[in-house]
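Okay, so here's the structure we're looking at.
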Amino acid sequence: MPADNNVMEKLVSLAKRRGFVFQSSEIYGGLGSVWDYGPLGVELKKNLKERWWRSMVHEREDIEGLDAAILMHPKVWEASGHIAGFTDPLVDCKHCKNRFRADDPRIKGTPGQPDAQCPVCGSRGTLTAPRLFNLMFKTFMGPVEEQAAVVYLRPETAQGIYVNYLNVLQASRQKIPFGIAQVGKAFRNEITPGNFTFRTREFEQMEMQFFVKPGTDGEWFEFWKAQRMEWHYGLGIRREKLRFHQHTKEELAHYAKDAYDLEYEFPFGWHEFEGVHNRSDFDLSRHQQFSGKKLEYLDPATKERFIPYVVETSVGADRTALVVMCDAYREETVEGETRVVMGFNPAIAPLKAAVFPLVNKDGMPELARRIFDDLRRHFNVFYDDSGSIGRRYRRQDEAGTPYGITVDGQSVGDGTVTVRDRDTLRQERVAGDRLVSHLGDKLKM
Ligand code: GAP
């Protein structure tokens, strides 16, 4: 699949220009693969997180929410296998000092051998043999660095759920099968980051761990696979751009018995943005062993004791935002002009509507302001009175705002306004005092 760099370049540039995503610490030259979300980006990501939370926690009786801390007892990462196994094989160039993943497709020859060629400086025989490099960020806890305990920034949110599984079970009085959902930051010292926000060193995950009776895990695994694909369809992502990929034995993570990636066809090829994993009883058994605390479940009906199996759904909030942005981006010609549109599903669009007085006189700005003040109590809306109406529409097309509300001469007389649909460009007249319910109906998706 040839990389469509052109689309990515345009998207990165639009993201900066319109305030979706900025490079971290840009005035200092940026920080590698760390990004900040601007006014539109933060709304988009928040809408995705809220939608996920609603579908997982509020709409289901059998899933509870949790917000565990990023810092955890260091033993957690021994038990989870991350200290031993969360590694990438890396090679160094002794000449230019650059570092690569051993499977970097740009490397020619065999690292460690005289034929290997550095993809950056082109030197031959300067690449070291692969060495394992742990992806977890370390920091120190306590006032004196030398004596302080090493703690890690979590590389996945899942472990916060496992160590709280008994607390949540007891506090919520749930019975197995039940799940725990969490949205939070995770950190990985990625070595080949890149492709904009696709692979970053700090990112947010939306993870749900579903605890089931051993033997029923296969069924629940299929259930959650189907549910998650449906959720992405519901975001309005083009179906032909979504597919599953089952992990081969070599691809399976150290904890997984079976795993499927949900992949999207990005401009740079098909890549994972969600994983559905059958983690068996790996994590809970290991935590039981390392903590010495019983993590068994007592089935109240059968009096059986067992360590539950876990089916995990794990999706990146940032990566989903990137999927949504890639999928929404389009260029088209309308009325003889080219326009760029972010065709977001209105339910997740950062701004729901923009209000425009046609001209800045004859009572139009006053009425437009009143309508804007009324709407902003219900939706995230924008007011714009500068430039021609055509230019104002184009600006909102780029922001992905689904509805443009124009207050014109007739509005001042009869209180009606025009509502322009971003995609069909059709305009309808709606009574100004009915706008809240009119938009509310359209945004229910
Ligand atoms: N708890 C399981 C787990 O963390 P993963 O496949 O390593 O599984 C799950 O990560 C999801 O987290 C990925 O599908 C992706 O959306 C997101 N993710 C992982 N690493 C990332 C990174 N470096 N940058 C952005 N998102 C990342």
Pairs with Cβ under 7 Å, 6+ apart, first in the stretch 174-194 and of a type in the set (D, E, K, R), second at pLDDT 95 or above and away from the ligand (no atom under 11 Å from the Cβ):
LYS185/ILE70
So TYR233 fits all but one of (1) of a type in the set (Ser, Thr, Tyr); (2) away from the ligand (no atom under 15 Å from the Cβ); (3) touching a residue at least 24 places away in the same chain (Cβ under 8 Å); what number is the exception?
(3)
Exception for ARG305 within (1) of a type in the set (Lys, Arg); (2) within 30 Å of PRO214 (Cβ to Cβ); (3) under 23 Å from the mean Cα position of the chain (by Cα) falls at (3)
Could you check the stretch 245-280 and list, in sequence order, the residues that are under 22 Å from LYS49 (Cα atoms), more than 9 Å from the ligand (Cβ to nearest atom) and of a type in the set (Phe, Trp, Tyr)?
TYR260, TYR264, PHE266
Extreme residue, farthest from the ligand (Cβ to nearest atom), among residues of the stretch 29-38 that are surrounded by 13 or more Cβ atoms within 10 Å (Cβ to Cβ) and part of a loop (DSSP other than H, G, I, E, B)
GLY38
Which condition number in (1) within 14 Å of the ligand (Cβ to nearest atom); (2) touching a helix residue (DSSP H, G or I) at 6+ places or on another chain (Cβ under 8 Å); (3) of a type outside the set (D, E, K, R) is the one that GLY194 fails?
(2)
Does the stretch 205-213 include one or more residues that are within 15 Å of the ligand (Cβ to nearest atom), in a helix (DSSP H, G or I), at pLDDT 95 or above and in contact with a strand residue (DSSP E or B) (Cβ under 6 Å, 6 or more places away or on another chain)?
no
Among the listed residues ARG101, ARG106, identify the single one that is within 16 Å of the ligand (Cβ to nearest atom) and modelled with pLDDT under 90.
ARG101
In the stretch 237-293, which strands (runs of 3 or more DSSP E) lie fully inside it and hold 3 or more residues that are surrounded by fewer than 17 Cβ atoms within 10 Å (Cβ to Cβ) and in contact with a strand residue (DSSP E or B) (Cβ under 8 Å, 6 or more places away or on another chain)?
242-246
Per the list (1) buried (at least 16 other Cβ atoms within 10 Å of the Cβ); (2) out of contact with any Asp or Glu (no Cβ under 7 Å at 6 or more places or on another chain), residue check on GLU26 breaks on (1)
Against the definition (touching a residue at least 24 places away in the same chain (Cβ under 8 Å), part of a helix (DSSP H, G or I), more than 14 Å from the ligand (Cβ to nearest atom) and within 28 Å of HIS82 (Cβ to Cβ)), how does TRP220 come out, yes or no?
yes
Looking at ARG228, is it at pLDDT 95 or above, farther than 16 Å from ASP283 by Cα, away from the ligand (no atom under 14 Å from the Cβ) and not aromatic (Phe, Trp, Tyr)?
no
Qualifying residue in the stretch 211-223 (condition: of a type in the set (S, T, N, Q) and crowded, with 17+ Cβ neighbours inside 10 Å)
no
Flagged pairs (Cβ under 8 angstrom, 6 or more apart or on separate chains; first in the stretch 377-403, over 16 Å from ASN345 (Cβ atoms); second surrounded by fewer than 17 Cβ atoms within 10 Å (Cβ to Cβ) and of a type in the set (Ser, Thr, Tyr)) are ARG392/SER386
Could you please find all residues in the stretch 358-391 being more than 15 Å from VAL417 (Cβ to Cβ) and in a helix (DSSP H, G or I)?
GLY390, ARG391
Looking at PHE282, PHE266, PHE244, PHE306, which is the one that is free of Cβ contacts under 8 Å to residues at least 24 places away in the same chain and in contact with a Phe, Trp or Tyr (Cβ under 9 Å, 6 or more places away or on another chain)?
PHE244
Do we have PHE137 as aromatic (Phe, Trp, Tyr), modelled with pLDDT of 95 or more and within 16 Å of the ligand (Cβ to nearest atom) here?
yes
Are any of the residues in the stretch 305-316 farther than 29 Å from GLY184 by Cβ and touching a strand residue (DSSP E or B) at 6+ places or on another chain (Cβ under 6 Å)?
yes
Answer with yes or no whether ALA321 is in contact (Cβ under 8 Å) with a residue 24 or more places away in the chain and under 23 Å from PHE22 (Cα atoms).
yes
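The values are calculated or read from the model by the stated rules, or taken from the named source; none is laboratory data. All of these numbers come straight from a predicted model, not from anything done at the bench. Please note: Cβ atoms are built from the backbone with ideal geometry, for glycine as well, and neighbour counts cover all protein chains shown.
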